[in-house]
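In what follows, a single structure is set out as structure tokens and then discussed.
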Amino acid sequence: MDLITGEIFYVDKPLEWTSFDVVKRIRGAVLRRLGRKKFKVGHAGTLDPLATGVMIVVTGKATKRIEELQAGVKEYVATIRLGATTPSFDLETEIDATYPTAHITRQLVLDTLENFKGEISQVPPAFSACKIEGVRAYEMARQGEEPPLKPKLLVIDEIELLEFAPEEIKLRIVCSKGTYIRALARDIGKALGSGGHLTALRRTRVGDVSVEQCMTMEEAVQKVKTDELVFPDEEHGSKDKLK
């Protein structure tokens, strides 16, 4: 394991952990193993605290590959509650409006989903990390302001209905980098005339890496603690190893 030249960890992010929590935990293990006070550890592709699944953590010089690693196509399994909306489009905030769902049929959902395939325009959530003149959108939203967010062009490669009920649907979504599944839940709910918000999200694939190939947080930390270390030439003059 060469932490300095760069290791890539594919981790199954736990529920309620922030992406920063994941990086902080692995960085702490790396610092202890290397006996350093500072060392570069980063992640490619943020996941919200209420989401789980594939997260890429990189160390050392591999942090220069973050853009490349997060550019891969993403696959998600999303559960959307219909008939209610929230300001954050997920469970982070309380329900602010309710709508009827009696008119929603499986066929209506299938027909509606067809409109979300291919290239779409999406306005990011107000409760997001998008920057407006250096200020995060969520900082403005939490102060009661409406962030002036511009729509972005995205690509939805696949969108499949996995489970259906008039009040809840589960979808499998394959999409491009930068897609907000919370915003997709908002837009699908609006198109169905029922409102909607995300209640569960799992990222099942990034590029060629599936969630089945990911380590748990405990496994990732244990790997840092126990795998044989290899140091690049510039660190020790040769490919030294440290068990």
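Each value in this text was obtained by applying a stated rule to the coordinates, not by laboratory testing. Source: prediction; values computed, not measured. Positions of Cβ are backbone-derived with ideal geometry, glycine not excepted, and every protein chain shown enters the neighbour counts.
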* Asked: Reported to two decimal places, what Rg/Rh ratio describes region 74-206 when computed on Cα atoms with Rh from the Kirkwood expression?
  -> 0.96
* To do: Hand me the trypsin sites (Lys or Arg not before Pro) from region 1-81 located in a DSSP loop with no more than 16 other Cβ atoms within 10 Å, in residue order please.
  => 36, 37, 38, 40
* Report, to the nearest 10°, how far helix 181-191 tilts away from the longest principal axis of the Cα atoms in the chain, using its own Cα long axis and a range of 0 to 90°. => 10
* Structure fact -> Largest-first semi-axes in Å of the equivalent ellipsoid built from the Cα gyration tensor of the chain are 39, 19, 15
* **Kirkwood hydrodynamic radius of region 57-103, from inverse mean 1/r over distinct Cα pairs, in Å** => 14.4
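Based on the inverse mean of 1/r over its pairs of different Cα atoms, what is the Kirkwood hydrodynamic radius of region 105-164, in Å?
After inverting the mean inverse Cα-Cα distance, the result is 13.6 Å.
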* Structure fact -> Sorting 120, 194, 176 by the position of each Cα along the dipole of region 74-206 (Lys, Arg +1; Asp, Glu -1; all at Cβ), the one nearest the positive end of that ordering is 176
* Subtract the Cα-Cα distance of residue 73 and residue 40 from 0.36 nm times their separation in residues, and report this length gain in nm to one decimal. => 9.3 nm
